[in-house]
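Working notes, beginning with the structure itself.
Just so it is clear, none of the values below were taken in a lab; they were calculated from the coordinates. Just so it is clear, the structure is predicted and the values come from calculations on it, not from any experiment. All Cβ positions, glycine included, derive from the backbone under ideal geometry; neighbour counts span all protein chains shown.
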Amino acid sequence: MADESADRVSRRELLKAMTGSAGVAVGLRMLVSCPLGATTLAKVPADPAKISSYAPKYFSSRQIQEIAAISDAIIPADEHSPGANAARVYEFIDEMVAIGDEDEKRLWQEGLSTLNRLARNRWDKDLAECPREQQEALLREISRNEEHPEKVEEQFFVAIKRLTVDGYYRSDIGIHQDLNYQGNTMLLEFDGCDHGSHKAEDQH
Amino acid sequence: MPITTYDVCVIGSGPAGGILSKELAEAGAKVVLVEAGRTMTPQDFHYHTWPYELPYRGMREGGQPAAAYPKELTQALRYEDSDPIGVDRMWAVGGRSIHWNAVCLRFAARDFRERSLAGIEEDWPLSYEELAPCYSYVEKMIGVTGSEENLDILPDGEFLPPLKLRCSEEIIKRACTKMGLRLIPTRKALLTQPYDDRPPCHYCGHCMRGCDVGAIFSVPVSMLPKAQKTGNFTLVSGKLAREILVDQEGKARAVLVIDTGTRKEEEIRARFFAICCGAIETPRLLLNSRSPRFPNGLANSSGLVGCYLTGNVSSTLLAYLEELVGTPPVNNDGALDHALIPRFNHQDGKKRDYVGGFDYQLNYAGFMFPYQAQKLKGFGKEFKQEVRFLQPGFVHFAPWGKVLARRENRVTVDPNQRDAFGIPIPVVRFRFCENDRALLRDSLETGREILHLAKARLIIDPGPEPLGLGSHETGTTRMGSDPRQSVVNSFCQTHDVKNLFVVSGSCFTTYPEKNPTHTIMALAVRTARYLAAEARKRNL
C-alpha cells in the first residue's frame, strides 16, 4: 500500500496523544491496516479480458463467464459505482463454491446448465452470448419466487444472489465506492448525535 | 521444572481466573495459573483488517483469532436432544476477555431472589448487598463506562464518562420516552478516558475482534502484568487440565495436565484449587475427575455437577429509520453498542404469560456490511440503489432475555468418545422451554412496536426462534447453601472438597437477562478474599 509508513507514524502519534498518563506499554502494538478514509484503489475495469484470464479453482472458464454475466446483472455498474465484475465477484464465487459441499456444487452445476437450456430454448443462444436485456429477462423470471424458491433455477438464483451480495459488499469497491463507508478508522472522540430533532422532547 | 507445591492453582485464565490469580498473588499467595491455550499475539488477530484483505473476503472466519479455536477443542463436543444452540469455548491466555464486547451490568437485588420474589427456581445464597462492594472494586480496578440512572433493576456503578448516543439511538430513545421506557448509555469495561495505564477507546467499531490498544479490559493486558509484578505468580500455558487428583482424605492435591504440544503429562500440586473454565469445561473437568471416593465425579455428591445449564435467549431485529435513510454516510462505528434499554416488564403493569425479563442492546452488529442486501427482493440498479439508500438508516436492535434454569438442561461426559488427548468429551443437552419462547416472542413484539414508533421504514424480522444461548452459558455448578441442592457455597467453595473452588458463570444459581461477566468478576474478587483468609488461617 502506498502510504503505509506515513500511516504507521500517524497512528503512533495518535496513540501517544490519547494516552495521557505515564507511558503505556500495553504489550500489543497497533496493527497498520488501511489508511484513514477512502483507500487508494486500483481502477478495476469490468473487462472481459480480465474475466477470461482468471484461472478458476472449481468452475470451467465458460462457467466463469456465465457467473460473471449473472452476478454483474444482479449488482451492475451504475452512475455511482462499479458493479460485481469490477469487484471480481466471480472470483469470490468460484472460491466459495470450490469449498462448498456436494449439495451446493450440484445446485450450481444444475442451475447453470438449466439457465443455458432456458436461454437456448428462447433465443437459440447460450446465456453468456445473450445481450444483457435477455439475461435480465431470464433473471426476472427465475427470481419471481425469490422468497419461496422451488425449481432448481429459482434456488440457483437465491444462491448466486447471496454470494454476489456477500462478495460485492465485502469488496473495496462495494465498501468504499458504493456505500462510502466511513468507519474502521480511529477517532479521538465519538461525538454522538447533535440533532435536536432526533432527541426526546426534554432533551432539545 | 522443580517440583513445587503452590498455594493456589487456578485453572482457566479468563476473567474469573485472571482476576482471581492477580488478587491472590497480590495477597501474598504463590499462584500458578494453568491455561490450555497459548498467549495470542497481534498477528493472531484481525483487528482492523478489511474483508477484502482476507481469504474468502473474510467469510470463512469469524474475525477472532483462529488459533484460539483449534479443532482439538471445537470438535470435542456433542449435542444430544438439543435445540440448535452453540456453546462458546476457547483456548487462549485471557479466555474470552481477549475479544469480548465488554458489557458490564450489575445484577439487581431481585435477580438473586427469584424464588422469594417470583416463586420460581431458587434464591442465591448471596444477596446484592453482599456482592455490591465487589462490583465496585471491579469497576474501580478495570474502568467501566456508564451513567448514573437510579434504576433498581440495573444498579449504578462507579463509572467513567458514558458513551454518547448515535442519531439512531437518540431516535429510538425518543420513541421509548413516548412509551414510558428508558434508554440509557450502555455499560462496558471500555475506557472513555485514560485509566489503569491504558489508553481510551478509539472508536474503531471492532471490539469483538479484539482491542488492539487495550481500551477494553482483558486479562493479558490488565491483570497479568500486575500479577507478574508481585513475584508470586506463574503462568503455565499450553497445558490442558485432564483431571484433578485427590488425596486419602478426599482433598484436592494436584491437577493432572497434558501439554497440548508434546502430549507430556505432569502433575501440578497446590494447597488450593480454583476451576475457572466456563460452564461447559468446568463440569467436564469435575465429572472426569473420578476416584473411589468420588465415583460420580469430583464435588458431585449432589449429582448436580453439569445440571441447570442456562444462558440468554436472544434475537436480532434490523431496522432502517426514515429520518436517517438517504443521508450522507457518517462514521457510526463507535464502540459497537452505545445504548441499552434495561428491563421494564417487571413494572409496566402489563399481564404476561411468562416470568423473567429481557433488555435490548442496540448496535453491536457493526456498520460495515449492509444486512438489508441479503433481505431485499430483486436485483439490478434499483436493488443496488435501495441498499445504498437504506444503509445510513441502519439500527440493530437485539432483545436479550432470561432462560429458566432447569435441571434437565445439562452437561455430561461420554467416556466412549474422547478428544485428541484421550479425555472424555462434554455432551450438551439443552432445550428451551415454553417460558423462554414466550418471553422472546414478547420481546420481539415490543421491539417492533418501539421501532414502528421510531418510524422504521423497514424492519427485518428474524422470526421467533431463539438464536442459541448468546455465549452466556452459566449454571452448571450452581451455588447454594444446601449441599444436596448445590455444588458450591456462597464463596464458590465446593461443599464436598474444602480446598476446591469453582469461580465461573457455572456457579450462578439462576441467571437473569443481564450479561454475566461483571458478576463473574465480582465473584472472583469475593472468592479471592475468602480464599486468602482461609489460606492464612492454615498458617501458609
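Structure values in brief
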| read-out | value |
| --- | --- |
| Over 27 Å [Cα-Cα, segment A:69-204], rounded percent | 36 percent |
| Per residue, the convex hull volume that the Cα atoms of chain B enclose (Å³) | 149 Å³ |
| Residues B:E465, B:E534, B:E513 arranged by fewest to most Cβ contacts within 10 Å | B:E465, B:E534, B:E513 |
| Global size of segment B:202-273 as Cα Rg and Dmax, reported in angstrom | 17.3, 55 |
| Mean separation of Cα contacts under 8 Å, 6 or more apart, over the residue count of segment B:391-540: relative contact order % | 20 percent |
| Above-threshold pairs, the threshold being 30 Å between Cα atoms, out of B:K251/B:K402; B:K239/B:K402; B:K350/B:K514; B:K350/B:K375 | B:K251/B:K402; B:K239/B:K402; B:K350/B:K375 |
| Cα-based reach from B:K377 at 23 Å (exclusive), listing lysines while leaving out same-chain residues under 8 positions away | A:K151, A:K161, B:K455 |
| Projected label distance in nm at A:S61 and A:D191, using a 7 Å step from Cα toward the beta-carbon | 5.3 nm |
| Calculated SAXS-style log₁₀ I(q)/I(0) at q = 0.11, 0.20, 0.21 Å⁻¹ - segment B:1-159, Debye, Cα scatterers | -0.71, -1.28, -1.29 |
| Segment B:365-446: radius of gyration and largest Cα-Cα distance (Dmax), Å | 21.3, 58 |
| Paired Rg and Dmax values of segment B:458-518, which use every Cα atom, in angstrom | 15.9, 57 |
| Farthest positive-ward along segment A:136-204 dipole, Cα basis, beta-carbon charges - from A:T164, A:I175, A:M186 | A:T164 |
| Alpha-carbon spread of the protein assembly as shown, three principal axes, descending order, Å | 90, 61, 57 |
| Percent RCO, i.e. relative contact order, over chain B, from Cα pairs under 8 Å lying at least 6 residues apart | 23 percent |
| Residues in segment B:383-415 reached by a label modelled at B:K178 [backbone nitrogen below 11 Å; 7 Å Cα→Cβ] | none |
| Spread of Cα-to-Cα distances over 5 Å intervals beginning at zero, given as percent, for segment B:214-325 | 2, 9, 13, 16, 14, 14, 10, 7, 4, 3, 3, 3, 1, 0, 0 |
| Compactness index (Cα Rg / 2.2 N^0.38 Å), segment A:53-146 | 1.08 |
| Under 15 Å from the Cα of B:K226 - aspartates and glutamates, other chains or at least 8 residues apart | B:E23, B:E26, B:D196, B:D197 |
| Centroid-to-centroid separation of segment B:119-137 and segment B:221-245 [C-alpha atoms, Å] | 28 Å |
| Calculated P(r) of segment B:169-248 - Cα pairs past 18 Å, % | 65 percent |
| Debye, to nearest 20: dipole size of segment B:67-208, +1 on Lys, Arg Cβ, -1 on Asp, Glu Cβ | 680 debye |
| Angle in degrees between helix B:434-453 and the longest Cα principal axis of chain B, rounded to the nearest 10 | 30 degrees |
| Principal-axis tilt of helix B:167-178 within chain B, Cα atoms, nearest 10 degrees | 90 degrees |
| Rounded Å value of the spacing that divides the Cα centres of segment A:55-110 and segment B:448-512 | 43 Å |
| Antiparallel DSSP beta bridges within chain B, percent to nearest 5 | 65 percent |
| Using alpha-carbon coordinates, inclination of helix B:15-26 to the longest axis of chain B, degrees | 50 degrees |
| Calculated FRET efficiency for the pair B:H346/A:D78, C-beta based, R₀ 30 Å, to 0.05 | 0.05 |
| Whole-number Å³ per residue for the convex hull built on Cα positions in segment B:386-540 | 209 Å³ |
| Inter-probe distance in nm under a simple model that places probes 7 Å from Cα toward Cβ, at B:S82 and B:E408 | 1.7 nm |
| For the protein assembly as shown, share of DSSP beta bridges that run antiparallel, in % to the nearest 5 | 65 percent |
| Calculated diffusion of segment B:1-68, Stokes-Einstein form, Kirkwood radius summed over Cα pairs, 25 °C and 0.890 mPa s, µm²/s | 167 µm²/s |
